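Structure record follows, encoded as C-alpha cells.
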Amino acid sequence: MRLFHGVVILFLLIFAPLSAQNTKLRLAHYDEEQVLNAMPETAEVERAIKSLGDQHEAEMTRMEEEYSRMAGEYQKNYTSWDETIRKTRMEELHTLKTRMQNYYDMADQTLKAKRVELYAPVYETLYNAVAKVAEQNQFLYVWDIKQIKYKSKDAVDITPMIKRALGIK
C-alpha cells in the first residue's frame, strides 16, 4: 500500500507540471468605477444620499444660526448682566456647541451607514454580473483595474461585457 502511494505521488510530481503548462490561465480585469457610474441604480443612490445630506446640512445651518444669535446676545449684554446670568449663558453656549459637534458626528455616521445600506444591492448586482461574465468566459480570476500594478497588452478587459450583462450601453 505504501508503494502505491509513492507511485501516485511520483506520478503527480511528474505529470502535474506538464498538464499545468498546457492549461492557459484565464485572467481578466474590469473598471469597477466605470461600471458603477454607468449603472442607473448608482444615480438613484446618490440622489437619496444627497437628499439626506441636504437635510443634515439644513439642521447644522439652523444650529449654527442659533449659536451665532446666542453668542451675539452674550457679547452685547455681557457688561449689563450679573455674574450668574453670564455664567448661565456661557454654559448654554457651551452646551449648544457640544450638541452641534455631537449632531455633526451622528449625521456623518448616519450618512456613512446609509451609503453602505443603499449601495449593498448595487454592488450585489454588479458582482453577480461579474460572476456571470467570468463563468461564461471561463475566467479563473477577475480584478478591479485599480488593484492591478501591471498588465500586458494581451490583458483581457471585460468592462464592456459586464456592462452588456447589466443592460448598460
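The values are calculated or read from the model by the stated rules, or taken from the named source; none is laboratory data. Just so we're clear, the structure is a prediction, and the values are computed from it rather than from any experiment. Neighbour counts run over all protein chains shown; Cβ positions are idealised from the backbone, glycine included. Note: accessible area is taken over every heavy atom of the protein model, side chains too, but ligands, DNA and RNA are not part of it. Shrake-Rupley method; radii C 1.70, N 1.55, O 1.52, S 1.80 Å.
For this structure, a couple of remarks:
- Exactly one residue out of K114, K97 is under 18 Å from L52 (Cα atoms), of a type outside the set (A, V, I, L, M, F, W, C) and in contact (Cβ under 8 Å) with a residue 12 or more places away in the chain, and it is K114.
- Of all residues in region 128-159 being assigned to a helix (DSSP H, G or I) and surrounded by fewer than 13 Cβ atoms within 10 Å (Cβ to Cβ), the one that is farthest from the chain's Cα centre (by Cα): Q136
- Against the numbered list (1) open to solvent by 100 Å² or more (accessible area, probe 1.4 Å); (2) in a strand (DSSP E or B), R164 comes up short only at (2).
- Condition check for Q34: out of contact with any Pro (no Cβ under 7 Å at 6 or more places or on another chain), part of a helix (DSSP H, G or I), open to solvent by 70 Å² or more (accessible area, probe 1.4 Å) and over 30 Å from D144 (Cβ atoms): no
- Pairs where the first residue, in region 117-145, is in contact (Cβ under 8 Å) with a residue 24 or more places away in the chain and more than 23 Å from V45 (Cα to Cα) and the second is in a helix (DSSP H, G or I) and of a type in the set (G, A, S), C-beta under 8 Å, 6+ apart: K132/A165; V133/A165; V142/A134
- Set A48, A43: member being within 30 Å of M100 (Cα to Cα), in a helix (DSSP H, G or I), modelled with pLDDT of 95 or more and open to solvent by less than 60 Å² (accessible area, probe 1.4 Å): A48
- Residue in region 89-105 that is in a helix (DSSP H, G or I), open to solvent by 100 Å² or more (accessible area, probe 1.4 Å) and at pLDDT below 95 present: no
- Flag for E73 being part of a helix (DSSP H, G or I) and open to solvent by less than 70 Å² (accessible area, probe 1.4 Å): yes
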